[in-house]
Structure formats: structure tokens, C-alpha cells
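Scroll down for the structure; my scribbles are underneath it.
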Amino acid sequence: MKIAIINHSDSRGGASVVSMRLMKALAAEGADVSMTVVHKAGNDPAVHTAASPLRCKIPFLLEHMRIFAANGFTRRDLFAVSIASDGLTLSALPQVEQADVVMLNWVNQGMLDFGEILHMIQAGKTVIWTMHDMWNLTGICHHAGTCTRYRLTPGCGNCPLLHKRAAENDLSRRTWELKRALYSTDGITFVAVSSWLERKCAESSAMKGCFVKVIPNAFPVEEFYIAPRRSRAGMGLPEDKKLIVMGAARLDDPVKGLDLAVEALNRLADSGRTDAHAVFFGAIRDPHALDGLRLPYTALGPVADKDFLHELYAQASAVLSSSLYETLPGTLIEGQAAGCFPVSFGEGGQADIIEHGRTGYIARYRDTADLAHGLTIALDGLFDPALLRESVEKRFSARAVARRYLNLIEAEMNI
């Protein structure tokens, strides 16, 4: 059995990281698997570039020209939406043409269009589409936020992310119609990486009647450890404080709710908690984003050193996520694997990770006092680190996730 994974990159963004992990996990289980990407940064020979940089750029530009026009010729929210109007002819590539199974992951930004996906279905491929955000179930957005127009029939229209004069038959409605037509072919098996995302799919009019299976992302649980191995001094961190870790590719992305994290941490500081120290890793575009934080903190910036991150989690008492919504927050799983207590809001896949009060704390949505309460539980050590690690080993280890995918493939192919 040959499996071809298609994802936009082998390194950029969370979907790329977990797609690479999945490829390696499937290979470790004996599958003949490759990956096709637009942006290749690594040197894995199983990862193939879809086309030349210039050829890849053409559909990207065409798609965004269409969005730009539909957006009233403003850049506002230009990259918050995708329409799959233009893409590359990937079905002609040997690794895709010869594959029995095509696994689509994050394939937006001009990588695949609807017609090419339909061509793969008509060619007899078993197509499995893993959803890492809400794009498959909405008209054009990757995260619907408070908008529920994707539930309507017909769906979307009057899209709040399009800044041209509101219209029912706007780009979001027209893209919804294309998705509905593609999904009606009944040739795609969808995978949601969390139960929360599966529930959103069930609400979607575009996905009515679609089969959706929940399989989480794979995580390298075996790389993490509970007992610290290094001195904090060498890491530039205080020796006498309990650490609260928060990380993201971009911490001040509005969806990450950094202002709410600052407010929760300030509640700790104002309560007289002098034993806590916050540690942030990830990019911050706004140089003043943390100016209002009264709790002592260290901002590390982007951290590419995996060994450093593994040690950081092992040194920490809590891993914090204040995201307004998150499909399956990877930092919470990584923290748990190192015996670090996760504290988060619950709008997303957090309930797939955290058993509230036992293996983490799910605070009331946007309630920073409750978020601070969860952090207090972590700082007071009212949890069992070994239990946290055991909980992720069973559900999120690479082998466990790979076996679930292979079982799904075998069922779809009647093997």
C-alpha cells in the first residue's frame, strides 16, 4: 500500500509539524509513505517538492487576487480566508499517481483546488482529508469565531471577513456551494483532530452527510521527560521560582488571547504570589504586548531548539493557553508529556486533552480569575506528574495515532 501525504509545508506552522510526525509514524509501522509540499525546509528524502518556486507562486497569487477583488481591494483579513480556486496539478506527480491512498492535510494558499481533488477521487484514490482548522466546514474562513453562518442552508454569505458591500451571494457563499458539490461525491473520508472540531462539522451545512472520524495529532511523547536534567542558570531562568510556560508560533496573534493571559498572571501577582515566574516562547510582533504584565517574566522569542523546549517543560509547573479557540492545542499535550499541569480555556479541543481537575484545568471561557485559579492549583503542586504523562502516552503517542489511521485506511479500502 502506497500513501501520499499532501501538506503545504514540512516545517511552517502546526499542521506541517504534525504532518511530518504522522509520515514518520506511518513509516515506522511499515507503510510506504511520502509527503508532497510547496515549501520544503528539511532534507528528508521522503518529502517531495510539488513544483518549482515560480510555478507554486502562480496559483497562490491568482487565488489572492480573486480574494482581494471580492474583499473590496483591501488587505484587511486577506489571509484569514482561502477559496481553493487555483492550485497545482499534483495528481500527475509519481508519488501521488502511484499512491493507493492520498491524505490531504493543510492544502490551502494555492496548493490544491477543488477540481484537482475531484480528479483524485475519480482516479480511484482513497482520499482522507485531515482537518486542522474549520476551513473545510465553513465557506472561506479558517476560524469562524462567533459567526455561525456556516450552519445555514445554503451556507455562509454576507461574510464578516469580506469587506466589500455585504451580499448573500458573495465569495463565501459561492465557495460553500463548491465545497457542497465536492463533498456530495461521497469520495472523501474526513478526519477531525479533536471532538470539538467533529461537533463543528456536524453543525455545518456543507458537510451534511459526510463521514467524520476523530483521530488526534501525533506527538513525540517519548522525547519528553518529567525530571529536569539541566541547571536553570544555564537556561537564563530563575532557580527559586515556579515556572508558568506559554508558547505559540506568534504569541500576540489575536486568537491566542495574550491579553487574557496577562490579566490572569496579573491576578497572581496582585494576590501576593511571589513564587511564580512566567516564561514565554514564540514570536511577538508588538514590542509592547507584555508591558502591562506585573508578574516577573522571561520572553525567549522563537525557540527552535527542541532539547531546550523539552527541558523547559520539565522545569515548569504549569503550561498556560489563553486561546479564544484552538483545534487541538499542542503545547498542552507537550506540557503534559513532561508532567506539567495544563491550564486553558475550553473553546476547542482542550477536553480531548484535559480531564478537568485531574489532568489539567479548563477555566470558564474568558474568565481570567478562573484561569488564575487553575494556575494556583498548578503552582501549589496539587497534581500527579506521572498521571499527566500516562494520559498522553495512551492517546497521543505517534504509534497509537498511526495505528488508528492505518485501521481507518484498511476499513475504507476493505482490506
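Kindly indicate the residue of segment 8-32 that is in a loop (DSSP other than H, G, I, E, B) and of a type in the set (D, E, K, R) and also surrounded by the fewest Cβ atoms within 10 Å (Cβ to Cβ) among those meeting that condition. Filtering segment 8-32 for residues that are in a loop (DSSP other than H, G, I, E, B) and of a type in the set (D, E, K, R), the one surrounded by the fewest Cβ atoms within 10 Å (Cβ to Cβ) comes out as 29.
Taken together, the residues in segment 48-82 that are over 24 Å from residue 4 (Cβ atoms) and either surrounded by 21 or more Cβ atoms within 10 Å (Cβ to Cβ) or not hydroxyl-bearing (Ser, Thr, Tyr) (or both) amount to 19.
In this structure, residue 245 qualifies as within 16 Å of residue 299 (Cβ to Cβ) and in a strand (DSSP E or B). When you look at residue 381, is it on the phi > 0 side of the Ramachandran plot, in the same structural domain as residue 323 (by TED's automatic domain parsing) and touching a residue at least 40 places away in the same chain (Cβ under 8 Å), yes or no? Yes; evaluated as a whole, the condition is true for this residue.
Taking every residue in segment 81-105 that is under 18 Å from residue 178 (Cα atoms) and pairing it with any residue that is among the polar types (S, T, N, Q) and not in a loop (DSSP other than H, G, I, E, B), at least 6 positions away or on another chain, the pairs with Cβ-Cβ distances below 6 Å are 83/175.
Here residue 87 fulfils each of the conditions (1) surrounded by 17 or more Cβ atoms within 10 Å (Cβ to Cβ); (2) small (Gly, Ala, Ser); (3) out of contact with any Pro (no Cβ under 7 Å at 6 or more places or on another chain) apart from (3). Of all the listed residues (118, 197), the sole one being more than 28 Å from residue 323 (Cα to Cα) and either touching a residue at least 12 places away in the same chain (Cβ under 8 Å) or touching a helix residue (DSSP H, G or I) at 6+ places or on another chain (Cβ under 8 Å) (or both) is 118.
If the condition is being within 22 Å of residue 22 (Cβ to Cβ), in a loop (DSSP other than H, G, I, E, B) and more than 15 Å from the chain's Cα centre (by Cα), then segment 180-206 contributes only 187. Scanning segment 259-281 finds no residues that are modelled with pLDDT of 95 or more, crowded, with 16+ Cβ neighbours inside 10 Å and touching an Asp or Glu at 6+ places or on another chain (Cβ under 6 Å).
Within segment 332-356, the only residue that satisfies the criterion of being of a type in the set (Val, Ile, Thr) and under 15 Å from residue 261 (Cα atoms) is 343.
Wholly within segment 316-415, which strands (runs of 3 or more DSSP E) include no fewer than the required count, namely at least 3 residues that are surrounded by 15 or more Cβ atoms within 10 Å (Cβ to Cβ) and over 20 Å from the mean Cα position of the chain (by Cα)?
316-321
Scanning segment 168-201 for residues that are over 29 Å from residue 73 (Cβ atoms), surrounded by 22 or more Cβ atoms within 10 Å (Cβ to Cβ) and small (Gly, Ala, Ser) yields 192, 194. When 239, 222 are screened for being in a loop (DSSP other than H, G, I, E, B), modelled with pLDDT under 95 and over 18 Å from residue 328 (Cβ atoms), only 239 passes. With respect to (1) surrounded by fewer than 18 Cβ atoms within 10 Å (Cβ to Cβ); (2) touching a Cys at 6+ places or on another chain (Cβ under 6 Å), the lone exception for residue 308 is condition (2).
Of everything listed in (1) more than 21 Å from residue 316 (Cβ to Cβ); (2) aliphatic (A, V, I, L, M); (3) surrounded by 19 or more Cβ atoms within 10 Å (Cβ to Cβ), the single unmet condition for residue 251 is (1). One residue is enough: does segment 273-293 have a residue meeting the conditions outside any loop (DSSP other than H, G, I, E, B) and among the aromatic types (Phe, Trp, Tyr)? Checked segment 273-293: at least one residue is outside any loop (DSSP other than H, G, I, E, B) and among the aromatic types (Phe, Trp, Tyr).
The values are calculated or read from the model by the stated rules, or taken from the named source; none is laboratory data. This structure is a prediction, so every number in the text was calculated from the model and none was measured. Cβ coordinates were reconstructed from backbone atoms using ideal geometry, including for glycine residues, and neighbour counts include every protein chain displayed.
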